[in-house]
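The values are calculated or read from the model by the stated rules, or taken from the named source; none is laboratory data. Just so it is clear, the structure is predicted and the values come from calculations on it, not from any experiment. Glycine gets a Cβ as well: all are built from the backbone with ideal geometry, and neighbour counts include every protein chain shown. Side chains included, ligands, DNA and RNA excluded: accessible areas come from the protein's heavy atoms. Shrake-Rupley method; radii C 1.70, N 1.55, O 1.52, S 1.80 Å.
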Amino acid sequence: MYAVIGAGPMGLATARNLQKLDIPFIGLELHSDVGGLWDIDNPHSTMYDSAHLISSKRMTEFAEFPMEDSVALYPHHNEMKRYFQAYAKHFDLYRHYEFNTRVLSVTRDGMYWTIVTERDGEQQSRRFEGLLIANGTLHTPNRPTLPGRFDGQIMHSAEYRSAEVFKGKRVLIVGCGNSGADIAVDAVHHAKSVDMSLRRGYYFLPKFIKGKPTDTLSAGRKFKLPRPVKQKIDAALIRFIMGKPSDYGLPDPDYRMYESHPVVNSLILHHLGHGDIHARRDIRSMDGNRVDFVDGESAEYDLILLATGYQLDYPFIGREHLNWPATLDAPQLYLNVFHPEYDNLFMMGMIEAAGLGWEGRNLQARLTALYIHQHRQGSAQAASFAATKRQQASTNLDGGYDYIKLARMAYYVNKDAYLQALNQHIAELEAGLEQAAPQPVPAT
């Protein structure tokens, strides 16, 4: 029996692919329903009222379970919650899960894993043949230490739900990822003033170009531009459409296009251009309600919101079991999934890539299920893949992109390079399935 930790989108994809190959498993989920962070009613969700997908539905959905035509091109989180619940019902995944169940600890037990869980105040210890960790990457806030003393309110975007918290306040938002941009736009309509402090530049993309979702414009094209050419052409196109960030008072990025995750939000630039949001540089110091910036400017605030992202965190298992050196920001796993030595431990969904969508993550789950199945059968294909994951655990499938050296980019991959590797391994392991299948008896 295998254990799947988590019933968010990645956990559901993992469960679905184990189900397809008749691999026995139990799902363990802290909340009372599926959907993970997309269920805003989940007390552990980091969702906020105005949140929508930043990728379009057709580039995000599972291929075997498309979203309804009535769903918006960029669905609201409520639509995503209903989608994942419908997915779980359609494929009969609910019956595999134990809900309201907290994983307290995971320890190595010979060739197995012992998992201690708690439900309704009662603890239970069980031994599993293997473990698939799919509890997500966006649940432990990254809270940088700010210089000085601030007498107002400090909160992280993980705590943010409604723009009512900004009503009548002087607000400083630190950071401008996709959540930070969304929240800044929310704040404009309620706050007394909104400033945004950035230490580095970002590329800003619109959600629509010529009435179509931006991420669909190159979908399906067989010919792909060489990486350096694509970076230059796409950057020039965005400058033509949107202008440079410095046109709006923001710092320009000091890296090339796609070397960090872009911000898919043009409304932030709209409000900067209208003076609704004021750009600030990095914070130098704080005293009382005053914040001083590195360019010599200063202002007073009532609330600072940290849109500073999240840290990878798996509190129930020791880092030594994840091939995660203390000096690195992420575990060293082949394809961000496969441990070099353990053949029964898998990190599901510890990946970011522009355009990968849930179908790309579903392929990750397909490969994992195939490997489990073939490894249990002792196939030559599984042995070959095991050798690959041992040798290439530290390989970074960056597609030649020089990703900026930040913790949030430590598990970032290039979509095309990643999908190519997934599909190659899937084909190899599926060939093993065909060889193991009973052969038809010839007619006499």
Angle, helix 9-20 long axis vs. longest principal axis of the chain, Cα atoms, 0 to 90°, nearest 10? 10 degrees
Given a cut-off of under 8 Å on Cα pairs at least six residues apart, what relative contact order in percent is computed for region 1-154? 29 percent
Which shape class applies to region 272-414: rounded if a/c is under 1.5, otherwise prolate when a/b exceeds b/c and oblate if not, where a ≥ b ≥ c are the square roots of the Cα gyration tensor eigenvalues? prolate
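Determine the dipole magnitude for region 18-90: charges of +1 sit on the beta-carbon of Lys and Arg, -1 on that of Asp and Glu, nothing else is charged, the reference point is the Cα centre, and the result goes in debye to the nearest 20.
140 debye
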Rounded to the nearest Å, the spacing of the alpha-carbon centers of region 234-292 and region 325-346 is 35 Å
Mind listing the phi-derived Karplus ³J(HN,Hα) values for region 68-78, rounded to whole Hz, using 6.51, -1.76 and 1.60 with θ = phi - 60°, and x for any glycine or proline? 4, 4, 6, 6, 4, 4, 10, x, 6, 4, 5
Nothing charged except the Cβ atoms of Lys and Arg (+1) and of Asp and Glu (-1): what's the magnitude of the dipole of the chain about its Cα centre? Round to the nearest 20 debye. 920 debye
Contour minus Cα-Cα distance for residue 404 and residue 189 (0.36 nm per residue): 74.1 nm
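Using the crude model of +1 on Lys and Arg Cβ and -1 on Asp and Glu Cβ, and no other charge, please compute the dipole size for region 198-356 relative to its Cα centre, in debye to 20.
Dipole about the Cα centre, nearest 20: 1120 debye.
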Per the helix-only calculation at 222 nm, which mean residue ellipticity applies to the chain, given -39500 (n - 2.57) for every DSSP H run of n ≥ 4 and division by its residues, nearest 500 deg cm²/dmol? -8500 deg cm²/dmol
Probe 1.4 Å, heavy atoms of protein chains only: per residue, the accessible area of the chain in Å² is 46 Å²
Long-range HN-HN contacts of residue 345 with modeled amide H, under 5 Å: 131, 339
First obtain the Kirkwood hydrodynamic radius of the chain from its Cα pairs, then insert it into the Stokes-Einstein equation at 20 °C and 1.002 mPa s, and state the resulting D in µm² per second as a whole number. 91 µm²/s
Taking a point 7 angstrom from the Cα of residue 376 along the C-beta vector, which residues in region 331-370 have backbone N less than 14 Å away? 344-345, 368-370
Could you pull out every residue, at least 5 positions away or on a different chain, whose amide H is within less than 5 Å of the one on residue 310? Hs are placed 1.01 Å off N in the peptide plane, and Pro or chain starts have none. 142
Once Lys and Arg are counted +1 and Asp and Glu -1 for all other residues with Cβ under 15 Å from that of residue 128, the total becomes 0
Measuring from the longest principal axis of the C-alpha atoms of the chain, the long axis of helix 380-391 (C-alpha) lies at a number of degrees, nearest 10, equal to 40 degrees
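Express the relative contact order of the chain as a whole percentage, based on alpha carbon pairs under 8 Å and six or more residues apart in sequence.
18 percent
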Rounded to the nearest Å, the spacing of the alpha-carbon centers of region 82-111 and region 159-201 is 35 Å
Under the Karplus relation with 6.51, -1.76 and 1.60 and θ = phi - 60°, whole-Hz ³J(HN,Hα) for region 52-64, x at Gly and Pro, equal 10, 4, 9, 10, 6, 4, 6, 8, 10, 5, 6, 4, 7
Options 348, 104, 160, ranked by Cα towards positive dipole end of the chain, top entry (Cβ charges): 348
Let me have the relative contact order for region 101-142, percent, based on Cα pairs under 8 Å that are six or more residues apart. 29 percent
